[in-house]
2 protein chains.
Amino acid sequence: MADFDPWTVKEIKDYGKLMSEFGMESFDKYQERFDSFRYMRRGIIFGHRDFGRIADAMAKGKPYAMMTGLMPSGAFHMGHKMVADEIIWFQEHGAEIFICAADMESYLMRDIGFAQARKIALEEYLTNYIALGLKVKGLHFWFQSDYISEYYKLRDIGSKRVTFNELEAIYGELSPGKIVSVLTQVADILHPQLERFGGPKPVVVPVGADQDPHIRLTRDIASRLNADRKDEGQAEPDFPCIPPSATYHKFMSGLQGGKMSSSDPKSHIALSEDPESAAKKVMSAKTGGRNTVEEQKKLGGEPDKCMIYELYLYHLIDDDLELSKIYHECKEGKLLCGQDKKNCAELVKKFLAEHQKKMASARKAAHKLIGGKA
Amino acid sequence: MADFDPWTVKEIKDYGKLMSEFGMESFDKYQERFDSFRYMRRGIIFGHRDFGRIADAMAKGKPYAMMTGLMPSGAFHMGHKMVADEIIWFQEHGAEIFICAADMESYLMRDIGFAQARKIALEEYLTNYIALGLKVKGLHFWFQSDYISEYYKLRDIGSKRVTFNELEAIYGELSPGKIVSVLTQVADILHPQLERFGGPKPVVVPVGADQDPHIRLTRDIASRLNADRKDEGQAEPDFPCIPPSATYHKFMSGLQGGKMSSSDPKSHIALSEDPESAAKKVMSAKTGGRNTVEEQKKLGGEPDKCMIYELYLYHLIDDDLELSKIYHECKEGKLLCGQDKKNCAELVKKFLAEHQKKMASARKAAHKLIGGKA
């Protein structure tokens, strides 16, 4: 059985175990160096594999790429915004950006038709990425279902360098569709290293911890594809490449605790949501409050269990001092949940109103980029 | 375990069993109607699935296609010539021709590099097809590894409509590479029905009996892809298509008996072979002769066990009366093996000399068709 796999995981909170058992490295040593970036500074990005290669390329101004995939399966919410912020940060720091819309995966694993997937990828994801600050200049954005043949070839070649046992150990019970889906993800991740994009280069993939099985598999297959095949009478590797690097971020919780999910509107705030409706969700979110006001004044609140605090931490308050003040006032019982939720609701409304102003022109840019393809 | 599968079969002689167990139909009822074609008239093409659809399209002058694949794994020999003759016959009878060079399969299943496969497909297969009479006008010839994305999409969609158990029942032990290879063949066969080629149409695939597992699988997947998915909220089929038809031919034996094989030069005559060397192979071929001349004069020879007779039957003697005369003279002990082999060697030399004259211009046409791709 798989320890955890990206299609069934509900919640992963034991990040320490992931690091010790699966060989992720801690991101601690980069925290200070990249302290301009909220997710890195605050330990939300908590782990990595081979990030040194990326930090080095950044420092020396050498070419490197950032690759990510999106699963077009529903509304674009605050959890997705985190990934968008990471993409944009890497773009601002010199990465060439590759984004894959995983419409074959959503078809095979989630029964979502291609037309619907295309619409969601364009209207929800790409439009929001652009509204959040992604520059389309130099951006590579593609759908799994319509891309170039080298990419498919790469995937097929990969199939020769992996066994059933390896796949089963990672993904649990297999089906033909699942194997195709998995191999496609491997090709997605190696895609920026195709000859037409300049060949081998460092590539960073920012993912949630649940995606680590894909990363490990891809790194293994990449090493094998990059080996020469003198035993098979072939001096050149099947596909010259560098095993991809990854950063791992924690998950935002849903507004009611538990998992934030596209398919459960109560669990998330969508970026296209009416600000008043979003404010109402904030007002009924799970907090770290006590049973009574008296108790809370006496014992203090528990910000580490509070969804409002998570919204600040991940998205709404970039100033550490300001955030720290709220944290301590809550802990000391000075800031109560009612007031705190009101403050948060105002910030959410303000954010959404400003964001949504940018949507029309972002949508235009998204359509222009995808052209006749959508 | 698989009853037989296309990668491990050595010899299939019990054609009756194939028909009764796997539901092939006998070709008998078409034998007379298509008696201008040696392989049909002589029962070398012995079985079919849904050939009625093809016969009907031919009779009414309606569009239909013939699809075949080639495995670029060695010299083009007399066994391959049989397939070439079938392709050409269908082309002369109104079929649009689709030929797939299975370079991904040869890579995954036989460790043949892409550059080598490309060279063999072009220099051995396509060149010989053209020299034998295939017209390049309107011909669709492609490599698995470099074709259009709809084709790969089709393959991936197919992966959702088949289970591991089905694949295992047909192909025995699976591997990721084998699954990719199998799904690619399914897409190859459905390829002529892609929208860009005019959508659904009758397609005939002339194959050896060993390829029937692919045909059965493809027909099953085609039926499922052609069903609507109202249960999945989708009124249109995933891929509108008609399950492909097939004809089944017997195998020529190798010159020493047993299997004719590309990798065993003693077993075959290559079409590019020096005619004198070919003549020598004929002179040492297995015949249906007796131990001594005396015995043979008394008992007669056994043409049904004779490789020389097979060469006549499949390739060298188109006139049934002439063939019948040889058959009976052998049976009656009048025609002895020495003389018979000499006659056959002359026919082989003549055929090869004439064929090889056409190779230079055929090679030119092949290169022109594949263009910069080879």
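Residue by residue, here is whether (1) part of a helix (DSSP H, G or I); (2) within 24 Å of A:VAL186 (Cβ to Cβ) holds:
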{"position": "A:PHE46", "(1), (2)": "no, no"}
{"position": "A:ALA55", "(1), (2)": "yes, no"}
{"position": "A:THR68", "(1), (2)": "no, yes"}
{"position": "A:PRO72", "(1), (2)": "no, yes"}
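Among the numbered conditions (1) among the charged types (D, E, K, R); (2) more than 25 Å from A:GLY254 (Cα to Cα); (3) outside any helix (DSSP H, G or I), the only one that A:ASP318 does not meet is (2).
Just give me the residues in region B:101-121 being open to solvent by less than 30 Å² (accessible area, probe 1.4 Å), part of a helix (DSSP H, G or I) and either touching a Leu at 6+ places or on another chain (Cβ under 6 Å) or aliphatic (A, V, I, L, M) (or both), in sequence order. Once the filter is applied, which keeps residues that are open to solvent by less than 30 Å² (accessible area, probe 1.4 Å), part of a helix (DSSP H, G or I) and either touching a Leu at 6+ places or on another chain (Cβ under 6 Å) or aliphatic (A, V, I, L, M) (or both), region B:101-121 yields B:MET104, B:LEU108, B:ALA117, B:ILE120, B:ALA121.
Would you check if there is a residue in region B:149-162 being in contact (Cβ under 8 Å) with a residue 40 or more places away in the chain, closer than 24 Å to B:ILE54 by Cα and in contact with a strand residue (DSSP E or B) (Cβ under 6 Å, 6 or more places away or on another chain)? No, there is no match, as no residue in region B:149-162 is in contact (Cβ under 8 Å) with a residue 40 or more places away in the chain, closer than 24 Å to B:ILE54 by Cα and in contact with a strand residue (DSSP E or B) (Cβ under 6 Å, 6 or more places away or on another chain).
Exactly one residue out of A:PRO192, A:PRO200, A:PRO213 is closer than 15 Å to A:ARG49 by Cβ and away from chain B (no Cβ under 14 Å): that is A:PRO213. Scanning region B:1-25 for residues that are over 28 Å from B:GLU105 (Cα atoms) and either open to solvent by less than 50 Å² (accessible area, probe 1.4 Å) or modelled with pLDDT under 90 (or both) gives B:GLY16, B:LYS17, B:SER20. Taking the stated definitions as given, is A:GLY138 touching a residue at least 40 places away in the same chain (Cβ under 8 Å), more than 10 Å from chain B (Cβ to nearest Cβ) and over 30 Å from A:LYS364 (Cα atoms)? No, not satisfied.
Picking from residues in region B:288-318 that are closer than 23 Å to B:GLY258 by Cβ and touching a residue at least 60 places away in the same chain (Cβ under 8 Å), the one that is most open to solvent (accessible area, probe 1.4 Å) is B:LEU313. The single condition among (1) under 23 Å from B:LEU255 (Cβ atoms); (2) open to solvent by less than 10 Å² (accessible area, probe 1.4 Å); (3) in contact with a strand residue (DSSP E or B) (Cβ under 8 Å, 6 or more places away or on another chain) that B:ALA84 does not satisfy is (3). Just so you know, in region A:26-42 the residues that are touching a residue at least 60 places away in the same chain (Cβ under 8 Å) and open to solvent by 40 Å² or more (accessible area, probe 1.4 Å) include one that is farthest from A:PRO200 (Cα to Cα), and it is A:ARG42.
For region A:96-129, name all the residues that are away from chain B (no Cβ under 14 Å) and over 16 Å from the mean Cα position of the chain (by Cα). Once the filter is applied, which keeps residues that are away from chain B (no Cβ under 14 Å) and over 16 Å from the mean Cα position of the chain (by Cα), region A:96-129 yields A:GLU96, A:LYS119, A:ILE120, A:LEU122, A:GLU123, A:THR127.
Of all residues in region A:188-209, which are open to solvent by 20 Å² or more (accessible area, probe 1.4 Å) and part of a helix (DSSP H, G or I)? The answer is A:GLU195, A:ARG196, A:PHE197. When restricted to residues that are among the aliphatic types (A, V, I, L, M) and not in a helix (DSSP H, G or I), region B:122-170 contains 5.
Does A:LEU347 qualify as being in contact with a Phe, Trp or Tyr (Cβ under 9 Å, 6 or more places away or on another chain) and free of Cβ contacts under 8 Å to residues at least 40 places away in the same chain? Judged against the criteria, A:LEU347 is a match.
Screening region B:153-185 for residues that are more than 8 Å from every other protein chain (Cβ to nearest Cβ) and hydrophobic (A, V, I, L, M, F, W, C) and picking the one that is most open to solvent (accessible area, probe 1.4 Å) gives B:ALA169.
Does B:VAL207 qualify as being out of contact with any Lys or Arg (no Cβ under 9 Å at 6 or more places or on another chain) and of a type in the set (Val, Ile, Thr)?
Numbers: out of contact with any Lys or Arg (no Cβ under 9 Å at 6 or more places or on another chain): yes; of a type in the set (Val, Ile, Thr): yes.
Yes: the conditions hold for B:VAL207.
The residue that is nearest to A:GLY113 (Cα to Cα), among those in region A:43-68 that are modelled with pLDDT under 95 and open to solvent by 10 Å² or more (accessible area, probe 1.4 Å), is A:PHE46.
The residues of region B:223-279 that are at pLDDT 90 or above, within 14 Å of chain A (Cβ to nearest Cβ) and open to solvent by 10 Å² or more (accessible area, probe 1.4 Å), listed by number, are B:ARG224, B:PHE239.
One residue stands out in region B:324-350 among those that are open to solvent by 30 Å² or more (accessible area, probe 1.4 Å) and part of a loop (DSSP other than H, G, I, E, B): the one that is nearest to B:MET283 (Cα to Cα), namely B:LEU336. Selection of region A:87-100 for residues being surrounded by fewer than 19 Cβ atoms within 10 Å (Cβ to Cβ) and acidic (Asp, Glu) yields only A:GLU92. Being at pLDDT 95 or above and polar (S, T, N, Q) is the filter here, so list the residues in region A:69-119 that pass it. The one that is at pLDDT 95 or above and polar (S, T, N, Q): A:GLN91.
The values are calculated or read from the model by the stated rules, or taken from the named source; none is laboratory data. The model shown is predicted, which means the values in this text are computed figures rather than measured ones. A quick note on method: Cβ atoms are made from the backbone with ideal geometry, for glycine too, and the neighbour counts reach across all protein chains shown. The protein model used for the area step is the full one, side chains on, heavy atoms only, and it has no ligands, DNA or RNA in it. Shrake-Rupley method; radii C 1.70, N 1.55, O 1.52, S 1.80 Å.
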